[in-house]
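Below you'll find the structure, written out as structure tokens, and then a few comments.
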Amino acid sequence: MKLKLFAPAFAALLLCTACGTEEKSPIDYVNPFVGTGFHGHTYPGATVPFGAVQLSPDTRRGNWDACAGYHYDDSTLKGFSHTHLSGTGCLDLGDILLRPTTRTLILTADSLCPAASFSHKEEQATPGYYAVKVHDEGILAELTATTHVGLHRYTFPKQTLRQVIVDMAHLLDNEYIYDSSVKRTAPNELEGMRCTRGW
């Protein structure tokens, strides 16, 4: 008698368990923010295995905790650059910074645009994708990458000044820039390069 009552209950339990859970892939367990705090020297941005570009926000420069350009303790960002080292403990790269902005440009010796505030509550990272809300300007920045190309998408608030700064002088450390150039080749197209000496 006990077996007859137990078997239907066990079958119902299996049925409910199978229906209630979604199968996860290993990529669902990846957290790109691991190592971005303390002295981990990793970045949360978008890249692919063996990719030539690593798009990520730069929140600091010029000190040991800026090795990857990003530190989880920070609440402002300078923009989004295309090359980063992860977990090395050596400060380098941060090439070709893009900074979307709704502000009027203020040229200073330190930067083309003041740092923008952001919140980790409005930040998202999964393998190959990074997004953050540039809080004080209301811009949604989204980054992804292929093996050779970095893709940016900026969603600006309506009825605001819409600009994207291309900062060829931005560096994470005091490196030497041998050469750089940018030229406009079409109404919505820029072509350029930069050659630096660093670590």
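The values are calculated or read from the model by the stated rules, or taken from the named source; none is laboratory data. Keep in mind that this is a model prediction, so the values were computed, not measured. Quick reminder, even Gly has a Cβ in these numbers, built from the backbone with ideal geometry, and neighbours come from all protein chains shown. In case anyone asks, the SASA skips ligands and DNA or RNA and just uses the protein heavy atoms, side chains included. Shrake-Rupley method; radii C 1.70, N 1.55, O 1.52, S 1.80 Å.
Side notes on the structure shown:
- Taking the range 60-69 as the range and being over 24 Å from residue 164 (Cα atoms) and either at pLDDT 95 or above or outside any loop (DSSP other than H, G, I, E, B) (or both) as the test, the residues that pass are 64, 65.
- Among the criteria (1) under 12 Å from the mean Cα position of the chain (by Cα); (2) modelled with pLDDT of 95 or more, the one residue 122 does not fulfil is (1).
- Looking only at the range 139-152, residues that are part of a strand (DSSP E or B) and either of a type in the set (Ser, Thr, Tyr) or under 17 Å from residue 54 (Cβ atoms) (or both) come to 8 in all.
- Filtering the range 29-53 to residues that are among the polar types (S, T, N, Q), open to solvent by 40 Å² or more (accessible area, probe 1.4 Å) and under 13 Å from residue 84 (Cα atoms) leaves only 47.
- Residues of the range 143-162 that are among the polar types (S, T, N, Q) and under 25 Å from residue 179 (Cα atoms): 147 alone.
- Top-ranked residue of the range 134-150 - restricted to ones that are in contact (Cβ under 8 Å) with a residue 40 or more places away in the chain and in contact with a strand residue (DSSP E or B) (Cβ under 8 Å, 6 or more places away or on another chain), ranked as farthest from residue 188 (Cα to Cα): 134
This table checks each residue for (1) within 13 Å of the chain's Cα centre (by Cα); (2) in contact (Cβ under 8 Å) with a residue 40 or more places away in the chain; (3) assigned to a loop (DSSP other than H, G, I, E, B); (4) at negative phi.
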position	(1), (2), (3), (4)
43	yes, yes, yes, yes
71	yes, no, yes, yes
80	yes, yes, no, yes
84	yes, yes, yes, yes
105	no, yes, yes, yes
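- Among residues of the range 64-111 being of a type in the set (Lys, Arg) and open to solvent by 30 Å² or more (accessible area, probe 1.4 Å), the one that is farthest from residue 36 (Cα to Cα) is 103.
- Scanning the range 122-152 for residues that are more than 22 Å from residue 47 (Cα to Cα) and open to solvent by 60 Å² or more (accessible area, probe 1.4 Å) gives 135, 136.
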